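**Student:** Submitted below is the structure of interest, expressed as structure tokens.
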Amino acid sequence: MRNNSGNYVNFYKDILMFNLLRIRGDFVHISKKVIFLKEAKIQHIQVTRNIVVHRKTGTGINEGNIVCLNNDLGLIFVDAGRVTQDAKKFRAEMEKKYKKKAEYLILTHNHGDHTFGAEAFKDLPIISSQKAYDDYYELEKEGKLSKEYRQGFINVMKEKAAKGEFELSESWHKDFATNYLAATLYPPTLAISDEMKLGSPEQQILFKVIGGHSDCSAYLYYLPEDILIAGDNFNCDHAQNSGCMLAGMNDKGIAILKLFEDLNPKKVIPGHGPVVEKDYIRTSRVYFSEMFAKLKELKEKGVSLGEASKHPGLPNFFEDKKHRQWDHIMSSWYSQL
């Protein structure tokens with residue numbers, strides 16, 4: 001374990017499995033106060049006859065969606081969320097609802113807010129991209145998945161809070177820190193380099209590796225009902241999500257939105273946020289395309305970040321509320337141009 005505490009604060013830059021910590025790490029640099037809400041709300045959203053989404057909100061922590069697909073092979077779960085107990089309850093409810101056993105867990109990518117609950121599926125084959133598979137074993141070899149390493153990060157967060165650099169609420173200690181440290185991590189058992197199809201032609205599921213949000217990211221498409229499960233290459237309700245999801249948008253991300261748009265799904269299940277209609281993809285893509293085009297134009301003219309962020313020619317954000325880290329997001333976009 002590294003002894004330099006500074007390494008813990010910055011280790012989110014080179015660790016993939018714990019992207020959730022990278023989100024928390026952002027707060028160390030850009031906020032004087034970390035707010036975690038105390039009341040969690042869980043919804044099970046029936047998207048179609050064969051698809052249910054587990055969505056958790058109200059914790060103030062980035063909660064990844066969990067998806068259950070009723071397939072002729074059995075139940076196929078997509079992502080595992082952040083909390084094992086949530087995933088266990090969802091699995092049990094879906095097995096009771098459909099009177100079938102779970103057969104697979106498929107990971108859209110290897111970040112902690114989508115994988116920490118994988119213990120609920122430890123008896124199943126766990127499918128991921130080849131990159132996610134390789135990353136897991138590399139991190140394990142380096143000791144970055146150990147509980148000792150995780151405890152080191154928690155200690156640094158507490159030390160900084162004690163110095164008044166930011167605030168950690170009671171729910172941070174009870175929820176995030178507890179579940180993060182307690183999580184038993186289960187690696188992928190089957191790696192896919194490009195794409196895979198599961199199920200009969202009548203109930204086929206496509207798993208496709210595309211990169212983007214992370215090098216290991218993939219999406220799923222349920223062909224019979226034209227439902228896209230996008231992973232973190234597409235998110236909704238951005239004001240409630242991590243700033244890194246918006247800040248990480250780039251030309252590659254816009255191209256992926258165009259890919260998703262061309263699939264012409266009836267509904268889209270994002271990595272975070274509510275299920276939406278297909279028009280939401282186009283709205284997102286148009287906004288980001290126009291925003292980046294305008295920012296590039298302003299930067300080529302030598303306009304400063306401060307002036308550019310307030311320029312009247314910028315497109316209006318497509319959701320009701322902007323993210324609390326909007327200045328950081330704009331800075332990230334401008335710096336990459």
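The values are calculated or read from the model by the stated rules, or taken from the named source; none is laboratory data. Source: prediction; values computed, not measured. Here the Cβ is made from the backbone with ideal geometry for all residues, glycine too, and neighbour counts use every protein chain on show.
**Student:** Check Glu148, Glu167, Glu195, Glu159 and return the single one that is free of Cβ contacts under 8 Å to residues at least 60 places away in the same chain and over 18 Å from Gln85 (Cβ atoms).
**Tutor:** Glu195
**Student:** Only one of Leu37, Leu73, Leu69 is modelled with pLDDT under 95 and either out of contact with any Gly (no Cβ under 6 Å at 6 or more places or on another chain) or under 15 Å from Leu105 (Cβ atoms) (or both); which?
**Tutor:** Numbers: Leu37 fails: either out of contact with any Gly (no Cβ under 6 Å at 6 or more places or on another chain) or under 15 Å from Leu105 (Cβ atoms) (or both); Leu69 fails: modelled with pLDDT under 95.
None of the others qualify; the one that does is Leu73.
**Student:** Further question on the same structure: Output yes when any residue across the stretch 285-303 is among the small types (Gly, Ala, Ser) and under 27 Å from Ile66 (Cβ atoms), and no when none is.
**Tutor:** No, the stretch 285-303 has no match at all.
**Student:** Tell me, which strands (runs of 3 or more DSSP E) lie completely within the stretch 33-145 with 3 or more residues that are touching a strand residue (DSSP E or B) at 6+ places or on another chain (Cβ under 6 Å) and surrounded by fewer than 20 Cβ atoms within 10 Å (Cβ to Cβ)?
**Tutor:** In the stretch 33-145, the matching strands (runs of 3 or more DSSP E) lie at 41-48.
**Student:** Taking the stretch 284-317 as the region of interest, how many residues are loosely packed, with under 15 Cβ neighbours inside 10 Å and either touching a Phe, Trp or Tyr at 6+ places or on another chain (Cβ under 6 Å) or under 13 Å from Asp251 (Cα atoms) (or both)? Before you say what the answer is, go through the steps one by one.
**Tutor:** Residues of the stretch 284-317 loosely packed, with under 15 Cβ neighbours inside 10 Å: 290, 293, 296-297, 300-302, 304, 306-307, 310-313, 315-316.
Pick out the ones that are also either touching a Phe, Trp or Tyr at 6+ places or on another chain (Cβ under 6 Å) or under 13 Å from Asp251 (Cα atoms) (or both) and you get 290, 293, 296, 315.
Residues in the stretch 284-317 being loosely packed, with under 15 Cβ neighbours inside 10 Å and either touching a Phe, Trp or Tyr at 6+ places or on another chain (Cβ under 6 Å) or under 13 Å from Asp251 (Cα atoms) (or both): 4 in total.
**Student:** Of all the helices (runs of 4 or more DSSP H) wholly in the stretch 249-335, which have at least 3 residues that are more than 30 Å from His44 (Cβ to Cβ), in contact (Cβ under 8 Å) with a residue 12 or more places away in the chain and not assigned by TED's automatic domain parsing to the domain that holds Cys68?
**Tutor:** 279-300, 305-309
**Student:** Continuing with the same structure: Considering only the stretch 83-101, state which residues are of a type in the set (S, T, N, Q) and more than 12 Å from Phe121 (Cβ to Cβ).
**Tutor:** Gln85
**Student:** Can you confirm whether Tyr149 is outside any loop (DSSP other than H, G, I, E, B) and either of a type outside the set (D, E, K, R) or in contact with a His (Cβ under 7 Å, 6 or more places away or on another chain) (or both)?
**Tutor:** It is true that Tyr149 is outside any loop (DSSP other than H, G, I, E, B) and either of a type outside the set (D, E, K, R) or in contact with a His (Cβ under 7 Å, 6 or more places away or on another chain) (or both).
Rundown of residues vs (1) under 19 Å from the mean Cα position of the chain (by Cα); (2) assigned to a strand (DSSP E or B); (3) over 30 Å from Glu159 (Cα atoms), yes/no style:
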{"position": "Phe176", "(1), (2), (3)": "yes, no, no"}
{"position": "Asn179", "(1), (2), (3)": "yes, no, no"}
{"position": "Tyr186", "(1), (2), (3)": "yes, no, no"}
{"position": "Glu202", "(1), (2), (3)": "no, no, yes"}
{"position": "Phe207", "(1), (2), (3)": "yes, yes, yes"}
{"position": "Gly211", "(1), (2), (3)": "yes, no, yes"}
{"position": "Leu220", "(1), (2), (3)": "yes, yes, yes"}
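**Student:** Name, by its number, the condition in (1) in contact with a Lys or Arg (Cβ under 6 Å, 6 or more places away or on another chain); (2) free of Cβ contacts under 8 Å to residues at least 12 places away in the same chain that does not hold for Ala102.
**Tutor:** Unmet for Ala102, out of (1) in contact with a Lys or Arg (Cβ under 6 Å, 6 or more places away or on another chain); (2) free of Cβ contacts under 8 Å to residues at least 12 places away in the same chain: (2).
**Student:** So, one more: Within the stretch 232-276, work out how many residues are on the phi > 0 side of the Ramachandran plot and at pLDDT below 95. Give the derivation first.
**Tutor:** From the stretch 232-276, those on the phi > 0 side of the Ramachandran plot are 237, 264, 273; that's our starting set.
Next, from what is left, pick out any that are at pLDDT below 95: 237, 273.
Of the residues in the stretch 232-276, 2 are on the phi > 0 side of the Ramachandran plot and at pLDDT below 95.
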